[in-house]
Amino acid sequence: MGSYSSELKRSKDSDESARRSSFPDEVLERVLSLLKSHRDRSSVSLVCKDWYNAERWSRTHVFIGNCYSVSPEIVARRFPRIRSVTLKGKPRFSDFNLVPENWGADIHAWLVVFAAKYPFLEELRLKRMAISDESLEFLAISFPNFKALSLLSCDGFSTNGLAAIATHCKNLTELDIQENGIDDKGGSWLSCFPESFTSLEVLNFANLTSDINFDALEKLVGRCKSMRVLKLNRSVSLEQLQRLLVSAPQLAELGTGSFSQELTIHEYEDLESTLSNCKNMHTLSGLWDAKGIYLPALYPACSHLTFLNLSYAALQSVELAKLLAHCPRLKRLWVLDTVEDKGLEAVGLNCPLLEELRVFPADPFDDEIVHGVTEAGFVAVSFGCPRLHYVLYFCRQMTNAAVATIVQNCPDFTHFRLCIMNPGQPDYLTNEPMDEAFGAVVKTCTKLQRLSVSGLLTDLTFEYIGRYAKNLETLSVAFAGRSDWGMQCVLGGCPKLRKLEIRDCPFGNAALLSGLEKYESMRSLWMSACNVTMNGCRLLAREMPRLNVEVMKEDGSDDSQADKVYVYRSIAGPRRDAPPSVLTL
Amino acid sequence: MEVNYENGLNLKATELRLGLPGSDEPEGQTTPRPNKRTSSEISSSGLTDDGNDDHQASAPPAKAQVVGWPPIRSYRKNCIQAKKNEVEGGTGRYVKVSVDGAAYLRKIDLHVYGSYPELLEALEKMFKLTIGAYSEREGYNGSEYAPTYEDKDGDWMLVGDVPWEMFISSCKRLRIMKGSEARGLGCV
């Protein structure tokens, strides 16, 4: 810490702080360096000039929730000692194909600045950014200390970019590739890790489909003795998995490959015995095409499991029930709705410590499916899992009464994301709107931070949200509401609202403009297929110069309609890299 | 709110239509705007033809395929589709074919055909209709029918735009559109 204080003395403010502060800089910086949360750090920086400076010199990790809210130059000027960057780019609805191609959020300009200002950068975590192979190669050769790369829901790159990372990053500890739009050109990238390379601790390539060279993988896992997270892709067979686990029993997180090879009794027993040696395993995922008969091999490895991700394994209710009987410590569970309500009953019976449940639809686009989960499954979980606070639930039917029961059983919800898959569907028993369901959620769950609504909803839902959801930060709305009043209620209430994303709702200019002052305290607003016009957006842009108001036009639509609107605060001004389909007002 | 149970579905509740806030139409929803990427975002179950409910009585109504709904990441959608393709069996590539106005669907094996003309000829024979010639600029303009398909991303596309191999690997199901909707597709 001695070097920090000498640098601080070189700054202009050093004389002032030496005079005014009775608190030595070294101590202040030492204390502040213990602060990890970026929100705490933001608060600290607002106290006074001394604290602002001490904080900016001691910050090593920067989190940027919207890459266009600030420029890389501004970041580098304020924070001289960054070693780790987290950046998020496109609006969330880009995950669902609602954002045009080439919208932006390209990482390259950031990398160029970082290469100049943060040559010792170690970590880069990107979400919904566009990143090319050239950028990955630039990254690989520009930062000699580079350690951790995490790409989630990004696009624009191929396995060639991964090859560059593997080839050049000699100190790499983490390569985490998740759910990206990656151009998979083959598995040879994995063979690019040099034989002298031993530092890898986290390797997640579950996203990729091509076969990798298993021999290279086996050797890599064998020499990286600190490996704690290994998530394989589907091309890795059960037999190969067993061989890998023999040399890596210390794994804390395992993502299997395909779980459905034909095994002999002997091979099965080997697998079972190797898995039982994995005493540190707390996270299990993968299990592609899992065959029920092989699941028992996992049982011995499950006793300490806290996170089980079965969202790519189409299990039936009985298979799930048997597996869960061996997972008493489970805190997080992701499943497909093939487990049905009976499977969820088993969750309620076996997992009293459960905090998070996500149920994904196995057949979201097939109308003839009459299976999946209903309100009964959700209710069953709520009775058995009082600690439940995070839920993502895709279903085809729900009732107001069921939701009221659920939140009565689990009042601590922080994240409540309910997706009734048929847009605008009412309570199937009473035929009423689902207003009372979400009313119950916001009235009972005072800690609620994130809410996604669905089903048939009138403005009443939004009255409830505006009035009761005092801690709500993120709200997602689709096919809901009756008039501008709904959106006005939300903008007029919800003091902590940061992200509002709306699609296909009858909210127009009056609603949009009612939030004028609010938008500067929010990260962003998204409105698509609503009733907002270009004139409304222009008015917003004129009144609020510190907001970027962007409109995405669709071909063939009416000139006066603002098809998709994205509004966000920014200290970097309007962006200059927007494609022609995006108009900045 | 008036509730119309047709074929067991509450069509009124799911109907997407233009309406001013506070008008007597209970759902003041907007219509999805025509979008170049998808040839049919518009449901046959009531959007474009408001008075067309008897048209629905005979055929199971094709559900609105809305872009980006349900909200599932493309990556997961692709995994689902890859799995379905495998399950639907080995070497065959069976997909459902629906024709607007027909009482029931058919299933065909795409691998049986080597090219678009072969496929279209087979469809014409199977359903006793005429689809006409494809042109890149005009689609199937001039014909009463237009063949469309749902691709891996859940989008509805016009048959014929992409190379045949790409088509059979990404086609999940076929729908032969009829009438004014079909004619409109030529200029999308």
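Structure above, values below:
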{"item": "A:Y299-A:S276 pseudo-label distance in nm [points 7 Å out on the Cα-to-Cβ vector]", "result": "1.0"}
{"item": "Three-way shape call for the stretch A:307-352 based on the alpha-carbon gyration tensor, with the a/c threshold at 1.5", "result": "oblate"}
{"item": "Separation between Cα centres of the stretch A:181-236 and the stretch A:313-342, rounded to whole Å", "result": "29"}
{"item": "Cα-based reach from A:K470 at 16 Å (exclusive), listing aspartates and glutamates while leaving out same-chain residues under 8 positions away", "result": "A:D412"}
{"item": "From phi via Karplus (6.51, -1.76, 1.60), per-residue ³J(HN,Hα) for the stretch B:137-150 in Hz, x at Gly/Pro", "result": "7, 10, x, 9, 4, x, 9, 7, 10, 10, x, 10, 9, 9"}
{"item": "Cα-based shape type of the stretch A:459-540, given that a ≥ b ≥ c are square roots of the gyration tensor eigenvalues and the cut on a/c is 1.5", "result": "oblate"}
{"item": "Pairs beyond 31 Å (Cα-Cα), from A:K331/B:K152; A:K117/A:K279; A:K49/A:K496", "result": "A:K331/B:K152; A:K117/A:K279"}
{"item": "Rounded if a/c under 1.5, otherwise prolate or oblate - chain A, Cα gyration tensor axes", "result": "oblate"}
{"item": "Summed residue charge, Cβ within 11 Å of A:L271's Cβ, Lys/Arg positive, Asp/Glu negative", "result": "-4"}
{"item": "Peptide-level mean, for A:468-479, of C-beta atoms on other protein chains within 10 Å", "result": "1"}
{"item": "Partners for A:K147 among aspartates and glutamates (Cα-Cα distance below 16 Å; same-chain residues under 8 apart left out)", "result": "A:E122, A:E123, A:E137, A:E174, A:D176, A:E201"}
{"item": "In order through the stretch A:251-260: 3J(HN,Hα) via Karplus (6.51 cos²θ - 1.76 cosθ + 1.60), integer Hz, x for Gly, Pro", "result": "4, 8, 10, 10, x, 6, x, 5, 10, 9"}
{"item": "Gained length - A:K496 relative to A:R538, 0.36 nm times residue gap less alpha-carbon distance", "result": "12.5 nm"}
{"item": "Inter-probe distance in nm under a simple model that places probes 7 Å from Cα toward Cβ, at B:E144 and A:V246", "result": "6.9"}
{"item": "Given charges at Cβ of Lys, Arg, Asp, Glu: the stretch A:237-295 dipole, positive-most of A:L244, A:Y294, A:N280", "result": "A:N280"}
{"item": "Per residue, in Å², the accessible surface of the protein assembly as shown once ligands and nucleic acids are set aside, probe 1.4 Å", "result": "41"}
{"item": "Simple Cβ-charge dipole of the stretch A:526-585, Lys/Arg +1 and Asp/Glu -1, about Cα centre, in debye nearest 20", "result": "400"}
{"item": "Förster radius 51 Å - calculated FRET efficiency between B:Y75 and A:S560, Cβ distance, rounded to 0.05", "result": "0.90"}
{"item": "Largest-first principal axis extents, alpha carbons of the stretch A:526-585, Å", "result": "33, 23, 16"}
{"item": "Of all accessible heavy-atom area on the protein assembly as shown, the percent that carbon and sulfur account for (1.4 Å)", "result": "52"}
{"item": "Aspartates and glutamates whose Cα lies under 18 Å from that of A:K291, excluding same-chain neighbours fewer than 8 positions away", "result": "A:E239, A:E262, A:E267, A:E269, A:D270, A:E272, A:E319, A:D337, A:E340, B:E86, B:E88"}
{"item": "The protein assembly as shown, dipole about Cα centre (Lys/Arg Cβ +1, Asp/Glu Cβ -1), debye to the nearest 20", "result": "3180"}
{"item": "Per-residue average of Cβ from other chains inside 10 Å of A:521-534", "result": "2"}
{"item": "Highest to lowest packing among A:94-104, B:120-130, A:521-531, scored as the average C-beta count within 10 Å", "result": "A:521-531, A:94-104, B:120-130"}
{"item": "Sites A:V112 and A:L34 - FRET efficiency at Förster radius 51 Å, r taken between beta-carbons, to 0.05", "result": "0.95"}
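The values are calculated or read from the model by the stated rules, or taken from the named source; none is laboratory data. Everything numeric in this text was worked out from a predicted model, so none of it was measured. Heads up, the Cβs are rebuilt from the backbone with ideal geometry, glycines too, and the neighbour counts pull from every protein chain shown. Calculation scope for accessible area: heavy atoms of the full protein, side chains included, ligands and nucleic acids excluded. Shrake-Rupley method; radii C 1.70, N 1.55, O 1.52, S 1.80 Å.
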